[in-house]
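Below: one structure, written as structure tokens.
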Amino acid sequence: MSHPTPEPAAITRIATRYAKPGHEHEYEEMAREMFSLMRQKPGFLGADLIPPEQPGDPYHVVVRYHDDTGFAAWDASPERAGILDRMHAVALGEPVHRRLSGLEAWFEPAVVPASMNPPKHRMALVTWVGIWPTATFFIWLLSTLPLLPGGLPLLAPVPFLVRTAVITICITVAMTYLVMPRLLTPLFKGWLVAGARKAAAKQQTEARPAGRQPDGGPVVGH
């Protein structure tokens, strides 16, 4: 029995950066120009510019490529070097990058922009809630339910390692394309975001350039 190997999940990278006060419009225009340049690179899937939730908060640029090859081509390109150099005129400091992969990528719709780092224990719990019934179903269907002549399970004739490989492939595909993005992430979105707000606020405070108030203005003496 042959089973197709699932395609690798897309890679998401988030860049956090502050616009200079009064230059927000120029920053947004340059970010969109950067997206146009990214589209010319192989494997580009999409990009989003998420504005600050409150004045003085940073922008989040969310970029998705099919795999690391696309990001590598963009990172090494003269177009990227040129646009980033021009953005120094409208942005504060350098962008702080965060890559979402593995389990974190499952939660991406729920944690951007309110948080880019949901608590690990909450991710683990939601993941278990998805894996437990999904694994139970495929183990029952493929290794317990008598579907073959003689009352044998469907995977009874195959070696143990092949059996576990088939079951884990089914679980992975179901978790990646159905259970996590369509069922559990919408269901637990509020809980994940609420538990991560404090961590996100701390991260933004640490990333804010020194010598500036929360609204982006300079600190003045009393």
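The values are calculated or read from the model by the stated rules, or taken from the named source; none is laboratory data. Quick caveat: nothing in here was measured; it's all calculated off a predicted structure. No Cβ is skipped: glycine too gets one built from the backbone with ideal geometry, and neighbour counts run over all protein chains shown. Heads up: the accessible areas ignore ligands, DNA and RNA and are worked out on the full protein's heavy atoms, side chains in. Shrake-Rupley method; radii C 1.70, N 1.55, O 1.52, S 1.80 Å.
Descriptive notes on the structure:
- The residues of the stretch 26-82 expose on average 49 square angstrom of accessible surface per residue, using a 1.4 Å probe on protein heavy atoms.
- Here r is the Cβ-Cβ distance between Val158 and Glu94 and R0 is 45 Å; the resulting FRET efficiency, rounded to 0.05, is 0.30.
- Inter-label distance, nm, simple model (7 Å from Cα along the C-beta direction), Glu28/Glu53: 1.9 nm
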